Every structure is written in C-alpha cells, then in structure tokens.
Amino acid sequence: MADDQTSFDKEGLLQCARGELFGPGNAQLPEPPMLMMDRVTEISADGGTHGKGHVVAELDITPDLWFFQCHFPGDPVMPGCLGLDAMWQLTGFNLGWRGMPGRGRALGVGEVKFTDMVTPATRLVTYIVDFTRVIDRKLKLGLSNGRMLADGKEIYTATDMKVGLFSD
C-alpha cells in the first residue's frame with residue numbers, strides 16, 4: 001500500500017500522474033490542469049463510513065484557475081463534471097494505493113446531486129470518498145460514494161461511483 005503512506009502532497013500526486021508512484025501500466029492521476037486536487041490528507045483500506053476504505057483530498061481555489069476563465073465569462077463557476085471527475089480520480093487512486101494492478105477507468109455513477117457552486121470566492125474544496133465495495137479478483141473494481149465540500153459546506157454528492165482497473 002504505497003509503503004503504508006496515508007497522505008500525499010502535490011509532488012506525490014504528480015509522481016502518480018507520471019506513472020512513478022504505482023509503477024508503469026498501473027493507476028495514474030491526470031496531470032494538471034486535469035489533476036483536481038492539491039493533496040491527499042487521508043487514505044485507508046479499512047476506514048470511512050462503511051469500513052471498506054476512504055480518501056480525503058483538498059483543492060486550493062484561486063480566482064485564476066483555468067476553468068473560471070471559460071465557464072462562464074462574467075459568471076465564473078467550476079464545472080460540476082470536474083468535481084465528479086475528481087472523486088473518480090480519488091477512487092482509482094485508492095485502488096492503486098492498495099497495490100491493485102491495472103490502469104484506472106471511470107465506469108459509471110448512480111446519482112449525482114449539485115446543491116451549490118464553487119466560485120472564485122471559494123477558498124478550499126474538500127473531497128471525501130467512502131468505499132462501499134472493493135472487488136480484487138480478476139476484475140479489479142472500486143465502488144464508492146463521494147461528497148464535495150466548498151469551504152466546509154457540502155455542495156455535491158455522488159453515489160455508486162464505479163472505477164475499474166484494466167491490464168493490457
């Protein structure tokens with residue numbers, strides 16, 4: 001489990017994006033600007049709401065982030081799909097951290113709810129992903145629920161997120 005490391009700074013996440021953290025052909029995070037977190041503050045294989053693992057990560061929000069310039073001019077908000085993608089990224093990251101081989105791919109989500117927005121006035125986004133099931137057989141699959149908080153207030157939820165790991 002990534003040498004039992006339970007938190008990762010930005011450099012550790014960039015190592016994952018370059019394929020250096022879990023090894024070639026295994027789970028990777030995207031590089032910036034699609035890397036949607038600055039640090040992982042907690043990760044486990046047995047914690048979280050269901051005792052099946054969790055990840056907590058943070059993204060520092062600044063008014064100059066790339067998506068505010070184009071979504072929408074004069075009314076800048078973070079696209080909701082980027083928050084969902086971040087939670088998929090963290091689901092796959094946890095599977096790689098567990099030592100499971102294969103390249104991560106988002107496979108679906110049950111339900112997504114947006115109740116507020118991330119704007120340039122927001123300072124911190126926190127992602128919380130709780131696993132409901134992990135399959136580690138020939139099929140490598142993580143099922144999780146996620147929450148996204150903006151400055152401590154829950155603004156997105158996603159249930160039944162599915163991420164699989166696939167070998168060539």
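The values are calculated or read from the model by the stated rules, or taken from the named source; none is laboratory data. These numbers were taken from a predicted model, which means no experiment stands behind them. Cβ atoms come from the backbone with ideal geometry, glycine included; neighbour counts cover every protein chain shown. Quick note on the areas: whole protein, heavy atoms, side chains included, nothing else; ligands and nucleic acids left out. Shrake-Rupley method; radii C 1.70, N 1.55, O 1.52, S 1.80 Å.
Around the amide H of Lys140, modelled in the peptide plane, lie the amide H atoms of Leu165, all under 5 Å away and 5 or more residues distant in sequence or on another chain. Amide H to amide H, with H built 1.01 Å from N, Ile155 comes under 5 Å of Met148, Leu149, Ala150, counting only residues 5 or more places away or on other chains. Here region 50-168 is assigned +1 on the Cβ of each Lys and Arg and -1 on the Cβ of each Asp and Glu. Its dipole about the Cα centre then comes out at about 720 debye.
Ratio to report: Rg/Rh of region 49-127, with Cα atoms as the point set and Rh obtained by the Kirkwood method; give two decimals.
So for region 49-127, dividing Rg by the Kirkwood Rh gives 1.02.
Return the whole-Å distance between the Cα centroid of region 88-123 and the Cα centroid of region 1-54. Using only Cα atoms to place each centre, the spacing works out to 11 Å.
Could you tell me which of rounded, prolate or oblate describes region 127-168, using a ≥ b ≥ c as the square roots of the eigenvalues of the alpha-carbon gyration tensor, with rounded for a/c under 1.5 and, failing that, prolate when a/b is larger than b/c and oblate otherwise? Could the numbers behind the result be given before it?
Working: a/c = 3.88, a/b = 2.85, b/c = 1.36.
Prolate, because a/c is 1.5 or more and a/b exceeds b/c.
For the chain, the fraction of 1.4 Å probe accessible surface lying on carbon and sulfur atoms is 52 percent. Remark on Arg39: its backbone amide H falls under 5 Å from those of Glu58, a criterion applied only to residues 5 or more positions apart or on other chains, H modelled at 1.01 Å from N. Taking all Cα pairs closer than 8 Å and separated by 6 or more residues, the relative contact order of the chain comes to 24 percent.
Maximal additional length on extending the Glu58-Lys113 stretch stands at 17.8 nm, based on 0.36 nm per residue less the C-alpha distance.
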